[in-house]
Amino acid sequence: MVNILIATNDINIIKRLTNEIITNNHDIRIAKISNSNQETIDMLNNTNIDIMFLDLKMVENNLNVIVEKLNDNKKEKYKDSIIIMSETFNKIEDITRNCMVGGYILQEADIDEVIYKVNKVVEKKDVEVKRKAIIKELEYISYNTDYKGTNYLIDTILQVYRNKNLIMENLQKDVYPIISDIYKKSVNTIRCNIRRATECMYCECDIKKLNEYFGIIDDERPSTKDVIYTVLSKIS
């Protein structure tokens, strides 16, 4: 269930969004409605909100009147979590550069577009949560995140997580080309750097810790596929 905050002093927007969301989607819940900047700040700081629809008129085109008064831990939580609502495209481009903004809709947007924007924000936030979890797991077994290969591996694991239909039989054929496109590097460069980062991990990590992490009993070195599958199982 996604908890939504609607922040606007326009009663018509409140009625339309409330009716459409309640009528058309059971996975989105309107948890709070605020009609002032201070009320919005208090709700974001003190309640469990996932995404906020913010009327640009209410903040007079200045998102910072909200963002600058959020608690530090909430600023991290609400990155990419604000969907801007506006009557026109004027000033939207500048506002959407703010790291807190995950998207925007025009006020006459239909429910399909509203749900689409919510799902895109949820997906993006989920990917960031998973990225942090992957990094934590790799650091636990002594991967160095300063290495390019480790970052290529992080994105490889993320791609497998996000694309359940990816075939893992041949990483170089099925997965590394995606990472190659992201970083504008050759597939061979991606593969070699991941291998080097993994070799460094073997040298740094205690063998007993590795054996326990991967469920190995004969000190056999896990393959890149083993690393991917094991990390994904740990963060699931």
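The values are calculated or read from the model by the stated rules, or taken from the named source; none is laboratory data. Because the structure is a prediction, the values reported are computed rather than measured. Counting neighbours? That spans all protein chains shown, and the Cβs are built from the backbone with ideal geometry, glycine included. Please note that ligands, DNA and RNA were not included when accessible areas were found on the heavy atoms of the full protein model with its side chains. Shrake-Rupley method; radii C 1.70, N 1.55, O 1.52, S 1.80 Å.
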Checklist line | Those lysines that a straight Cα-Cα span of less than 18 Å connects to K69, excepting residues fewer than 8 apart in one chain | finding: K77, K79
Next item on the list: Would you mind checking the tilt of helix 11-24 against the longest principal axis of the Cα atoms of the chain, expressed as 0 to 90 degrees and rounded to 10?
Entry: 50
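Express the C-alpha Rg of the chain as a ratio against the empirical globular expectation 2.2 N^0.38 Å, rounded to two decimals.
The value comes to 1.25.
Counting only protein heavy atoms, what percent of the accessible surface of the range 1-138 is carbon or sulfur at a 1.4 Å probe?
Here carbon and sulfur together make up 46 percent of the probe-accessible area.
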Item checked: the range 205-211 - phi-based ³J(HN,Hα) in whole Hz, Karplus 6.51/-1.76/1.60, Gly and Pro as x -> 8, 4, 4, 5, 5, 4, 4
Check: In the range 11-79, what GluC sites (Glu not before Pro) fall in a loop by DSSP, with at most 12 other Cβ atoms inside 10 Å?
Finding: E60, E68
Notebook entry, point to check: Given R₀ = 35 Å, FRET efficiency for I216-K69 by Cβ-Cβ distance, to 0.05?
Noted result: 0.10
Next item on the list: Filter the GluC sites (Glu not before Pro) in the range 108-148 down to the DSSP loop ones having no more than 15 other Cβ atoms within 10 Å, then list what survives.
Entry: E108
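Filter the trypsin sites (Lys or Arg not before Pro) in the range 67-172 to those in DSSP coil with at most 16 other Cβ atoms within 10 Å of their Cβ, and list the result.
Sparse-neighbourhood loop trypsin sites (Lys or Arg not before Pro): K69, K79, K91, R97, K164.
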Check: In Å², what does the accessible area per residue of the chain work out to with a 1.4 Å probe?
Finding: 55
Item checked: Paramagnetic label zone (point 7 Å from Cα along Cα-to-C-beta, N144; backbone N under 17 Å) in the range 161-200 -> 192-200
